[in-house]
Structure formats: C-alpha cells, structure tokens
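Working notes for the structure below.
The values are calculated or read from the model by the stated rules, or taken from the named source; none is laboratory data. Treat the numbers as computed from the prediction; the structure is a model and nothing was measured. Glycine also receives a Cβ, built like all others from the backbone with ideal geometry; neighbour counts cover every protein chain displayed. Heads up: the accessible areas ignore ligands, DNA and RNA and are worked out on the full protein's heavy atoms, side chains in. Shrake-Rupley method; radii C 1.70, N 1.55, O 1.52, S 1.80 Å.
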Amino acid sequence: MRIKELGPHLTQITKWPVAFPMNCYLVQEEDGLTLVDSTFSSPAGDVAALAKRLGKQLRRVALTHAHGDHVGGVAGLRAMFPRVEVSISERDARLLAGDKALLATEPQTTVKGSFLRVDWKPDRLLKPGDRLGSLEVVASPGHTPGHVAFLDVRDRALIAGDAFQTRGGIAVSGDLRLLFPFVAWATWNKPAALTSAQALRALNPSLLAVGHGEALSNPGTDIDQAIESARKAFS
C-alpha cells in the first residue's frame, strides 16, 4: 500500500501502485472517517492505523460502483469495523446482488467488468443529492449504470471513481488508454460516460481523485482535454 495526503480532509490509499493501482480515499469528518471505495482486497489494516493516528473512528464506507476492484475490500473492513455503514447507489446495488438486467429506460448495452459474489448487503442505498457527512452524492452513470461520484462540499474535491482515469493518461471512462486499458474495457455505455464527465466538469472541482491513477489539483484544463478526446473517440 502507498498512502498520500491530498489535503486537510483527504488521504489516498493505493494498492499495487506500480503494477495495477487501485485507490480508495479516507475522508475526515467531525464525527469520524468515511472511506470511499475499498480496492480489491481489504485495506482494513491501513485504515485502522490511519484512524488511530488521526484519533477518529471509521463510520462509513461509500462505494462509487459495484465492480470488484472497488467493493472487494468491504468484507475485511466489516470484520474489523463491525459497526461501519456501507453504502452504494440504489441502481448499482442490483449489480452487487448479481442482477445485470438493464432497466427499460437505460441504454441497452452490455454491462461489463468484473463482479464479485459478496456475502454482505449494503446498509444504505444512495440517490443523487444524498449526503454522507461532507460528501454529496453525484450521479455519474456510464462506467456502470449506477456509478456515482462524491463531491466534498467543503473544498470541492471530487472523488470520481472510474468516471475518469489518470493512469496511462487522463481519460473519460470508455476512452481507451493503451497503457492502462482496463477502465475502458469495463465501461458499460460510452455516451452516458461522456455526459457524466461533462456534468462532473460543470461542478468545477478543485481536485480530481480517481479510482486508478494520481489525483490532479486544479483539474479543469485536464478534464476539458479528456472530454474533447472522448468526443472524438466516441463519434
């Protein structure tokens, strides 16, 4: 694991930073800590050490989407923190339960990516506009039908999950980067991903924190370039 402080409220925890970076993010709140995503295997030991250093308890685990490299660590976290609240979007909870059927109102493209069988259920189902402490839930479908991002309303740091990647070059989900093609390969619907990227850009984030790759400060210009690249790639 690699641990990197990104600001007064936000810490990036990265599993396999060289070979296949998977990020989760620890957010400090007045009442404790929120962990966004959990990588493929449990970061519980690192989270416990950070929580002890900060003098705070882990209160919440919030998931951007249901792919295995984001939800796989939840079981270990629940074992170490049995009272933690686990949340995921209402839509991706169906994927988490093994139901890949699409709604009639959704683009009828195949749901892609790796999903794990889990022996737990989320405690809370999220909808756009919900709050988890300082984090506002923002709909960002495309990578999966129920993908969400989290905007910290204190400083406008955006934890975007796989709506973007920065490993291999910044890209909108679905826009292939040969040095790290896995996000694109696992993307459900490219037009929806592009629409979500534009909506996230409109939030004017101060920092972009993604599931795979380094975080970017003042990311507006980089996001604009990624959106333009995706427009060309998806046309």
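Of note:
- Summing Cβ point charges (Lys, Arg +1; Asp, Glu -1) relative to the Cα centre of the chain gives a dipole of roughly 340 debye.
- Taking 0.36 nm per residue of separation and subtracting the Cα-Cα distance, full extension of the segment from Glu228 to Val118 would add 35.9 nm.
- All alpha carbon pair distances within the chain were sorted into 5 Å bins beginning at 0; the resulting P(r) in whole percents reads 1, 7, 16, 21, 22, 18, 10, 4, 1, 0, 0.
- The peptide list 5-16, 180-191, put in order of mean Cβ contacts within 10 Å with the highest first, becomes 180-191, 5-16.
- Here the contact order of the chain, divided by its residue count and restricted to Cα pairs under 8 Å and six or more residues apart, works out to 15 percent.
- Modelled this way, with points 7 Å down the Cα-to-C-beta line, the labels at Ala49 and Arg131 are 3.4 nm from one another.
- Think of the chain as a dipole: +1 on every Lys or Arg Cβ, -1 on every Asp or Glu Cβ, centred on the Cα centre; then among Thr195, Pro219, Val18, Val18 lies furthest on the positive end.
- Length gained when the stretch Glu30-Val18 is fully extended (0.36 nm per residue, less Cα-Cα span): 1.0 nm
- Summing charges over neighbours of Thr14, with a neighbour being any other residue whose Cβ is under 14 Å away from its Cβ, gives -1 when K and R count +1 and D and E count -1.
- Just the protein heavy atoms count here, and of the accessible area of the range 30-179 at 1.4 Å, carbon and sulfur take up 52 percent.
- The residues of the chain expose on average 43 square angstrom of accessible surface per residue, using a 1.4 Å probe on protein heavy atoms.
- Exposure of Met80 as accessible area (Å², to 10), given a probe of 1.4 Å and all protein chains: 100
- Which of Leu54, Leu194 is most accessible, then next, and so on - probe 1.4 Å: Leu54, Leu194
- In terms of the mean number of neighbouring beta-carbon atoms within 10 Å, the peptides 145-156, 216-227 order highest first as 145-156, 216-227.
- Antiparallel bridges, percent of DSSP beta bridges restricted to the range 90-234 (to nearest 5): 75
- Pairs from Lys112/Lys232; Lys100/Lys232; Lys15/Lys121; Lys4/Lys121; Lys15/Lys56; Lys100/Lys190 whose Cα-Cα separation, in the structure shown, is over 26 Å: Lys100/Lys232; Lys4/Lys121
- Hydrodynamic radius by Kirkwood, which averages 1/r over all alpha carbon pairs of the range 86-169, in angstrom: 14.0
- When you restrict to C-alpha pairs under 8 Å that are six or more residues apart and normalise by the size of the range 86-142, the relative contact order lands at 40 percent.
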